[in-house]
Ligand code: SF4
């Protein structure tokens, strides 16, 4: 295995694989519109195709895989894919991000299939607020799914909370306490102006400094952990030892150490969350390209990369939603729910 580097010296280590663009929630920060254009079903990669592409990515340095969506648990028999990927020695870390609705049934299957880690999105502990935020009535199922993950032994459990001013920034302490009760590390994510966040505005961002101030006011001194990592979250410790994270992608991006790329459910490869153009790996795969040819194509794509999308957004004056809904409808690949967040 070789490790390729991009034009500013970043290796390719992490691959986020979206297994479906469908979702069973309609979160305000991701899918606020009434109607969406979906990827054609015939374009969606089979599990064998995903596994074949993973072999090409691991050839050039990827050793961490995260399955995403849409909502990945909507993909039938996902545990079969997990089993296929977990059997690959080059995949050192295999994780999944889910909204948790279908986790109660699937957590034992995923654990048995060899999934290493799981992250559940949880933006609120209040059922009525969940309904308003997601336009679905499924809060109890999410909490049940989190408990099921814990029972199934998926111990490195994380809870991801997108913090939106005026929506849920008053629940930071409650979420930390809930995380403690279920053995999960909470990560607060700044509301991001990615494709699909058509209702984004700067005044709805509750930034890292405000999150830290809120928690320090309640708990006392918050201590940053000194860690060498390309992980997006900065981690902190509370006086009682509880560790939590903050992903400050909007106000303090971490593009300089970004080693992740995204594969959509139909095999488009994006080298940045904000990239407008992707590389079509499905077409090459289905045209019969060999593993060596695909690996070479991936290596060349990464070596040409200079993306630092979130940093460029910070420099933007009059920052507003990235793309209007009309443009997203023309190309659903620009949507975060297609790209895997
Ligand atoms: S904006 Fe692009 S380059 Fe920056 S951290 Fe996100 S994916 Fe990486």
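With the simple spin-label model, which puts each label point 7 Å out from Cα in the Cβ direction, the residue 151 to residue 277 separation comes to 5.1 nm.
Report relative contact order for the stretch 233-341 in percent, whole number only (criteria: Cα-Cα under 8 Å, sequence separation at least 6). Before the final figure, lay out the partial values.
Details: 97 pairs, mean separation 29.0, N = 109.
27 percent.
Evaluate 2.2 N^0.38 Å with N set to the residue count of the stretch 74-125, then give the Cα radius of gyration divided by it. Write out the running numbers ahead of the final one.
Numbers: Rg = 11.5 Å, N = 52, 2.2 N^0.38 = 9.9 Å.
Relative to the 2.2 N^0.38 Å estimate, the stretch 74-125 comes out at 1.16.
Given contacts defined as C-alpha pairs under 8 Å and at least six residues apart, what's the relative contact order of the stretch 60-147, whole-number percent?
On the way: 123 pairs, mean separation 26.8, N = 88.
Value for the stretch 60-147: 30 percent.
Mind checking the full-extension length gain between residue 42 and residue 126? Use 0.36 nm per residue of separation minus the Cα-Cα distance, one decimal, nm.
Full extension from residue 42 to residue 126 adds 26.4 nm.
Of 129, 41, 66, the sequence from fewest to most neighbouring Cβ atoms within 10 angstrom is 41, 129, 66. For the chain, averaging the sequence separation of C-alpha pairs within contact (under 8 Å, six or more residues apart) and dividing by the residue count gives a relative contact order of 24 percent. Given their separation in residues at 0.36 nm each and the Cα-Cα distance between them, residue 231 and residue 34 gain 67.6 nm when the chain is fully extended. When the Cα gyration tensor is reduced to axis lengths a ≥ b ≥ c, the ratio a/c is 1.5 or higher for the stretch 33-109, and with a/b not above b/c it is classed as oblate. Please list, by residue number, everything in the stretch 118-159 whose backbone N is under 15 Å from a paramagnetic label point 7 Å out along Cα→Cβ of residue 242. Answer for this model: 124-125, 158-159. The calculated 222 nm mean residue ellipticity attributable to helices in the chain amounts to -9500 deg cm²/dmol, summing -39500 (n - 2.57) over DSSP H runs of n ≥ 4 and dividing by all residues. A viscosity of 1.567 mPa s and a temperature of 4 °C, combined with the Kirkwood radius over Cα pairs in Stokes-Einstein, give a translational diffusion coefficient for the stretch 1-145 of 79 µm²/s.
Both radii are taken from the alpha-carbon atoms of the chain; with Rh as the Kirkwood radius, Rg/Rh is 0.94. Working from Cα positions, state the angle (0 to 90°, nearest 10) between the long axis of helix 291-303 and the longest principal axis of the chain. For 291-303 against the chain, the angle is about 50 degrees. Annotation: extensible slack from residue 112 through residue 257 equals 48.9 nm (criterion: 0.36 nm per residue apart, minus Cα-Cα distance).
Every number in this text was worked out from the coordinates using simple rules, so none of it is lab data. This is a predicted model, so every value here is computed, not measured. Don't worry about glycine lacking a Cβ; one is built from the backbone with ideal geometry, like all the others, and counts go over all protein chains shown.
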